[in-house]
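The values are calculated or read from the model by the stated rules, or taken from the named source; none is laboratory data. Note that the coordinates shown come from a computational prediction; the quantities given were computed from them, not determined experimentally. Here the Cβ positions follow ideal geometry from the backbone for every residue, glycine too, while neighbour counts run over all protein chains shown.
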Amino acid sequence: MADETMQICAYVPAELVRALDDVATQKGLKRARAIERACEEYVKRETPFACPGCGTRVMAKMRFCHHCGRPLTDEDAAAMQDVVSKIRSEES
């Protein structure tokens, strides 16, 4: 599959361009690639998806489903399991 990109033009304040250049330099990227990565991260964070447990639409930046309470990341699932295990061991 060919790389499908579209070129856009925008007027950007010089201060923002310098900040973008600094980030790009730190990460060893060209300015355009740094902008692409920032946009990709934003879309990942802001695009709703379906909860794997109940199918409710949730925002990607959420840690738990607001409908069923299921953890949406592996880290949160592990943390929740640790809490559950601790509670169960205290009950014994």
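Within the range 23-69, being exposed (fewer than 11 other Cβ atoms within 10 Å of the Cβ) and β-branched (Val, Ile, Thr) holds for VAL43, THR47.
Here the condition is being in contact with an Asp or Glu (Cβ under 9 Å, 6 or more places away or on another chain) and farther than 30 Å from PRO71 by Cα; of THR5, THR25, it holds for THR5 alone. Annotation: of all residues in the range 13-22 being free of Cβ contacts under 8 Å to residues at least 12 places away in the same chain and under 26 Å from ALA60 (Cβ atoms), the one that is surrounded by the fewest Cβ atoms within 10 Å (Cβ to Cβ) is LEU16. Within the range 26-75, if we keep just the residues that are within 30 Å of LEU16 (Cβ to Cβ) and of a type in the set (Gly, Ala, Ser), the residue that is modelled with the lowest pLDDT turns out to be ALA60.
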